[in-house]
Amino acid sequence: PYTQTNNQLGLTANNRVTVTGNSSGFHPASIDVQLQGTAVGTDLERIGMVTGTTYQINSWVTGNDDTAVTYAMSPPVSGAFVSGSGLISAPSSLSAVTKTTVTITSVADSTANAYIEVYFIPVSPDGSIRLNFGQHATSYTDHLGNVWWGQNVTRPFNSSYEIGDGVGFAYLNGTWYQHSSNWSGTIDAQLYAQSTSAANDTNLTVVIPNGNYNLTLYGEPGCGITAAGQNVYDVEINGVVASSYNDGFLLAGGLYKGYKSTYGATVSNGLLRFNGRIRKYDTGGHGMSLSSLIITPHGQ
């Protein structure tokens, strides 16, 4: 006989048990077993969702025989909800980027949770999705009246872009903060000069409808970049490298100038993954710089 049965082992959270074996004519033998506590996991801890879309959460439970979970959204967002099976539905319309958190909780152990930060993003009237990564404010309106979405709340210089996937998309640096006067000859200069800076790869995962899209990336040399070779990166879209060794300084043609790069993308699983893969980081600057992205359905 044993002091703990197999089914008990799976129900003990963050604990140690002693297993003792007894046999007639022999001394008992014991072993201490450190049990793995119940843990809840998910593959995406931060995600953007445009209006009118849905996303099925992929979650799991380890350290427990009971793998059932519940889902809850807080704070509530009008028109948005998460179902009992973990399907997040975005609102059909929004007036601004809106953040909420979905909590995934183990049924067997309510202290075991995972969290997904969800950012609901408005779609422009023309069907495009306009993101201004480096914008410190919640939005920027260009000279044609199009709204580009920045932060869910106003953030200061050198804070981080929160809508990107992962711990932090990149820092809100850019040359606009201290050198806006140098951009006086550029139309909608903030779409270029309000940029991010990163010494690591950057990841953006957005839930959008399936289909073919044209993507236009806006950039600048970047904060602290004064020469070629200090801001070099690859663009990867849905796991495929779309362009390599992009040099922001050379693409812009010098300081306080912007550039655009256009790519195509096909979305078949409801997720657009747009990644900047840093190639070279020079400590004289602040690394890879990305500014804005417009996602336009093909044919529009």
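For the reader, a short list of remarks on this structure follows.
- Spin-label pair ASP65/ALA137, simplified geometry with 7 Å Cα→Cβ offset, distance in nm: 6.0 nm
- THR18/ALA72 FRET efficiency (R0 35 Å; Cβ-Cβ; nearest 0.05): 0.40
- Projecting the Cα atoms of VAL153, ASN214, LEU251 onto the dipole axis of the chain, where Lys and Arg carry +1 and Asp and Glu carry -1 at the beta carbon, places LEU251 farthest toward the positive end.
- Given +1 at the Cβ of Lys and Arg, -1 at the Cβ of Asp and Glu and no other charges, the dipole of the chain around its Cα centre is 360 debye to the nearest 20.
- Report note on the peptides 135-148, 230-243, 183-196: ranked by the mean count of other C-beta atoms within 10 Å, highest first, their order is 183-196, 230-243, 135-148.
- In a simple Cβ point-charge model (Lys, Arg +1; Asp, Glu -1; nothing else charged), segment 124-217 has a dipole of about 120 debye relative to its Cα centre.
- Debye log10 I(q)/I(0) for segment 89-187, one point scatterer per Cα, at q = 0.17, 0.20 Å⁻¹: -0.87, -1.08
- Given charges at Cβ of Lys, Arg, Asp, Glu: the chain dipole, positive-most of VAL82, THR186, THR67: THR186
- Segment 129-226 shape via C-alpha gyration tensor axes, a/c threshold 1.5: oblate
- Mean Cβ neighbour count within 10 Å, used as a protection proxy, ranking 172-182, 18-28, 70-80 highest first: 172-182, 70-80, 18-28
- Cα-based convex hull volume of segment 149-300 per residue, rounded to whole Å³: 111 Å³
- Overall dimensions of segment 198-277 as given by Cα atoms, namely Rg and Dmax in Å: 13.6, 40
- Kirkwood hydrodynamic radius of the chain, from inverse mean 1/r over distinct Cα pairs, in Å: 21.4 Å
Every number in this text was worked out from the coordinates using simple rules, so none of it is lab data. Predicted, not measured: the structure shown is a model, and the values here were computed from it. Because the Cβ atoms are built from the backbone with ideal geometry, glycine has one as well, and the counts that use them run over all protein chains shown.
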